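To start, the structure under review is shown below, and the notes come after it.
The values are calculated or read from the model by the stated rules, or taken from the named source; none is laboratory data. These numbers were taken from a predicted model, which means no experiment stands behind them. We place every Cβ from the backbone using ideal geometry, glycine too, and count neighbours over all the protein chains shown.
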């Protein structure tokens, strides 16, 4: 019996192939503080559009803007349909994209699957964005049909193994995010068995990079959270709430004694802001990857649930730059440039007001980025005034 379990561990058939906490923490100790964004070019409406059009000029321009504000990591969504169409061609595209990012000294975290937004992805020309709607044409991976048809799961496992094996020793990739927000489609009893299969396939590839599933702010004893926490080499999580809520989530995750990276955050009108939340991440050496770099066809500067034909909000929900490279806030850009250590740390006693509001429908043109450095106290004051402004005006 002992020999049987030893063989299982060596072949990666059970969770014995997961990194130990000691290995994960030793790996993280050698890393810089990671600061970046979820990336899709502004000219693409979703992840299929990104890989199908493969607009390298836009990629280079926008990754250059990221480098200019000290970003060193991007989280990027893949899609199984391209592997299904022509695996070798897709490997070549992935390699080309990694080469572009590497020129700007930016590491990549690839996401293999996603359970958010539209359920039936298709190759070919993608629909135009619905005016005024947040992320109106984003698609799931693999999609509802493949999720429900378990005869297709072996192919999804092969995709996982092949992608991770092909790039298993590529230092340009910092970690693999196996499945984005599996609970998003509200069918965890169906998705969780697929996650187990995908995780098994990922272990078979035995990549040098850590594996992870993103944790949402929900009870950590829920069946999905238990699986994600027991399977992840490093713990990644999402949080779009004000600092107090973020600190509570982090305190719970710290108990697992593994490196932490927040792979989605920053929703200005809700109270998740760069000036406060990012400063906390920086102080705690928690990697910080916000949603949205350049406002474009995904329209994530609109809030969740924005109606069709909504006007451009005064306070952007996500995103940093517009398509011409002007920032939503020059103060944010200065803050990013000060994150090299010259900015002081935030007191953990700071608790922003937690308020959910709907931004106004007034168009705004970002101003010049020529500003003087600002102190931490002024940064916090700016964010607090923004929250009160949203609360009492809108």
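Side notes on the structure shown:
- Going through (1) within 24 Å of residue 320 (Cβ to Cβ); (2) touching a strand residue (DSSP E or B) at 6+ places or on another chain (Cβ under 7 Å); (3) surrounded by 22 or more Cβ atoms within 10 Å (Cβ to Cβ) one by one, residue 112 falls short only on (1).
- Filter pass, residue 185 being surrounded by fewer than 22 Cβ atoms within 10 Å (Cβ to Cβ), over 19 Å from residue 31 (Cα atoms) and free of Cβ contacts under 8 Å to residues at least 60 places away in the same chain: no
- Any chance residue 40 is more than 18 Å from residue 106 (Cα to Cα) and either touching a helix residue (DSSP H, G or I) at 6+ places or on another chain (Cβ under 8 Å) or buried (at least 17 other Cβ atoms within 10 Å of the Cβ) (or both): no
- Options 198, 163, 174, 130; residue that is touching a residue at least 40 places away in the same chain (Cβ under 8 Å) and in a strand (DSSP E or B): 174
- For region 211-224, the set of residues classified as surrounded by fewer than 21 Cβ atoms within 10 Å (Cβ to Cβ) and either farther than 29 Å from residue 274 by Cβ or at pLDDT 95 or above (or both) consists of 221, 222, 223, 224, listed by residue number.
- Boolean, residue 136 is assigned to a helix (DSSP H, G or I) and either buried (at least 17 other Cβ atoms within 10 Å of the Cβ) or touching a residue at least 60 places away in the same chain (Cβ under 8 Å) (or both): no
- Residue within region 246-262 that is surrounded by fewer than 24 Cβ atoms within 10 Å (Cβ to Cβ), closer than 22 Å to residue 19 by Cα and within 15 Å of the chain's Cα centre (by Cα) present: yes
- Condition met for residue 56 (in contact (Cβ under 8 Å) with a residue 12 or more places away in the chain and more than 15 Å from residue 295 (Cβ to Cβ)): yes
- For region 284-297, a tally of residues being more than 15 Å from the chain's Cα centre (by Cα) and closer than 17 Å to residue 245 by Cβ returns 1.
- Checked against the criteria, residue 71 counts as over 18 Å from residue 170 (Cα atoms), touching a residue at least 12 places away in the same chain (Cβ under 8 Å) and surrounded by 15 or more Cβ atoms within 10 Å (Cβ to Cβ).
- Some residue of region 328-346 being crowded, with 17+ Cβ neighbours inside 10 Å, at pLDDT below 50, more than 22 Å from the chain's Cα centre (by Cα) and more than 27 Å from residue 68 (Cα to Cα): no
- Test set (1) closer than 23 Å to residue 156 by Cα; (2) out of contact with any helix residue (DSSP H, G or I) (no Cβ under 9 Å at 6 or more places or on another chain); (3) buried (at least 20 other Cβ atoms within 10 Å of the Cβ) - residue 208 fails condition number: (3)
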